């Protein structure tokens with residue numbers, strides 16, 4: 001991870017996913033200590049929130065532009 005990470009809100013979806021995968025790999029492989037893993041975990045949570053935000057925005061846009069889209073059943 002870099003010393004001054006980019007704000008997740010400024011990342012493209014693909015970049016956020018790539019960084020998240022890197023964090024998961026580092027934690028799973030035991031490449032980082034506990035304290036750094038906790039920092040990485042918090043960063044990962046922010047990246048997941050960014051990805052969800054992008055996906056939600058895309059879904060809303062598709063629903064408004066696709067007249068055949070079925071309403072959400074949930």
*Would you please name the residue that is farthest from residue 59 (Cα to Cα), looking only at residues in the stretch 1-20 that are free of Cβ contacts under 8 Å to residues at least 24 places away in the same chain and surrounded by 12 or more Cβ atoms within 10 Å (Cβ to Cβ)?*
18
*Any idea which residue in the stretch 31-55 is nearest to residue 8 (Cα to Cα), counting only those that are outside any helix (DSSP H, G or I) and touching a helix residue (DSSP H, G or I) at 6+ places or on another chain (Cβ under 9 Å)?*
32
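Any read-out appearing in this document is the output of simple, stated calculations on the displayed coordinates, not a laboratory observation. Here the structure is a predicted model, which is why all the values come from computation and not from measurement. Heads up, the Cβs are rebuilt from the backbone with ideal geometry, glycines too, and the neighbour counts pull from every protein chain shown.
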